[in-house]
1. Kindly check whether there is at least one residue in the stretch 181-197 that is under 22 Å from Gly280 (Cα atoms), at pLDDT below 95 and in a loop (DSSP other than H, G, I, E, B).
2. Can you pull out the residues in the stretch 217-245 that are open to solvent by 20 Å² or more (accessible area, probe 1.4 Å), within 19 Å of Ala269 (Cα to Cα) and at pLDDT below 80?
3. Would you tally the residues in the stretch 334-348 being surrounded by 13 or more Cβ atoms within 10 Å (Cβ to Cβ) and either in contact with a helix residue (DSSP H, G or I) (Cβ under 9 Å, 6 or more places away or on another chain) or among the hydrophobic types (A, V, I, L, M, F, W, C) (or both)?
4. Name the pairs: first residue in the stretch 182-200 and more than 12 Å from Thr59 (Cβ to Cβ) and open to solvent by 10 Å² or more (accessible area, probe 1.4 Å), second residue of a type outside the set (A, V, I, L, M, F, W, C) and at pLDDT 90 or above, Cβ to Cβ under 7 Å, at least 6 apart or on different chains?
5. In the stretch 261-309, which residues are of a type in the set (Val, Ile, Thr) and either modelled with pLDDT of 90 or more or in a strand (DSSP E or B) (or both)?
6. Do you know which of the residues in the stretch 85-123 that are modelled with pLDDT under 95, closer than 27 Å to Ser234 by Cα and of a type in the set (S, T, N, Q) is surrounded by the fewest Cβ atoms within 10 Å (Cβ to Cβ)?
7. Name every residue in the stretch 187-207 that is under 17 Å from Pro231 (Cα atoms) and small (Gly, Ala, Ser), in order of residue number.
8. Identify all residues within the stretch 306-362 that are basic (Lys, Arg) and more than 30 Å from Ala269 (Cβ to Cβ); write none if there are none.
Amino acid sequence: MTSQSRSLVASALAGGLLLAGVGSIPFIVGPQEAEARPAIRRDSFVTAAVKRSGAAVVTLETARTVNQSGAAGVPPALMRDPLFRHFFGIPRSTAPRSTAPRARVQRGQGSGVIFDAKGLLLTNAHVVEGADQLTVGLSDGRRVPARVVGKDSLTDLAVVRLEGAGPWPVADLGDSDRLSVGDWAIAVGNPFGLESTVTLGIISNLNRNVAQLGISGKRLDLIQTDAAINPGNSGGALLNADGEVIGINTLVRSGPGAGLGFAIPSNRARAIAEQLVTRGKARHPVIGIRLSPVPRPTPTSQVPSGAVIRSVQPGGPADRAGLKVDDVITSFDGKAVADPAAVVSAIDRRGVGATVVLGVRRGEDQVRIEVKPVDLSALPSS
């Protein structure tokens, strides 16, 4: 390399930049020329959603008094047997009293969501069932006594009122009818007593009837989610990506299929809550029929839509309207119905006292029958 060349290389190195050539010196970039990297965001939409509504998710501590025998499960004859008492070290003086019932306090815990600034919160009916005493724990450390305003076992919902002046954190109830499968789902609650636990998943399915889960005696179409819901989460909130409450967590599947959680849609919870606050109980419209799916004609054929009437309550609305066993309900107010759950949901949405028109297939004929639902409590007993 000539002295002139060495001088050019030295000048380039001093400037921090040298282009690589054939057989050559590598390309060098000085620190002053490096591009600035974008800052990494440390928060997420989950953080924002929980900040919006998380403080309104509370812990419910319950206490109920139960009577229990002093020797539960032990036959009285054994308690009188001196050899039995001697073997288990039971003093003779305690034997006569051991079979008498005695009271003990049974404690439980669940979650709830404050939805009204007046201190009203939603939870599951099974959380507060039989409770003599309720205490609500807030995320700011306050512990407040509370009382049950009303509960509805058919939908497993209850409204509880905080005893105090507040102020109370409030969560917004969203529109569960706008949900789609695949939407984000954020579960907030107190599983196993671990306060303010947040889990993330998606909406796995919608309109899951509880009968599909082997549960009877309930009238629920549930949101299914893979966001982790565990014991103690019951009554807590299922949030959307905007931090709105779209469901009240109520069930978790254990054993085969574990990891599936279920929540009561917020629109259903809102409607029941309004009734519980205004009249102390909820009304459930019925027409007095028992339904089953339409049988599949052959193993390879598609499942036909509709619902078969298997029984009709004597003296009920369906009986008075002329519905008969083996009639197939195919539509509700002109809209096709897929299965028995769709019929029940449609009647539920219409309410008590509103006339509905059922499209019915009776043998080879198609008939239209008008029927007016009544409240379940007004249905004649069989």
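1. Within the stretch 181-197, none of the residues are under 22 Å from Gly280 (Cα atoms), at pLDDT below 95 and in a loop (DSSP other than H, G, I, E, B).
2. Residues satisfying the conditions are Gly217, Lys218, Arg219.
3. The number of residues fulfilling the criteria is 10.
4. Matching pairs, first to second residue: Asp183/Asn240; Trp184/Asn240.
5. Correct list: Ile264, Ile272, Val277, Thr278, Val286, Ile287, Ile289, Val308, Ile309.
6. Going through the qualifying residues, I end up with Gln106.
7. If the condition is that a residue be under 17 Å from Pro231 (Cα atoms) and small (Gly, Ala, Ser), then Ala187, Gly189, Gly193, Ser196 are the ones that fit.
8. Hits for the stretch 306-362 are Arg310, Arg320, Lys324, Arg361, Arg362.
The values are calculated or read from the model by the stated rules, or taken from the named source; none is laboratory data. Note that this is a predicted model, so its numbers are computed, not measured. So basically every Cβ, Gly included, is an ideal-geometry build from the backbone, and we count neighbours across all protein chains shown. Keep in mind that these areas ignore ligands, DNA and RNA; they rest on the heavy atoms of the full protein, side chains included. Shrake-Rupley method; radii C 1.70, N 1.55, O 1.52, S 1.80 Å.
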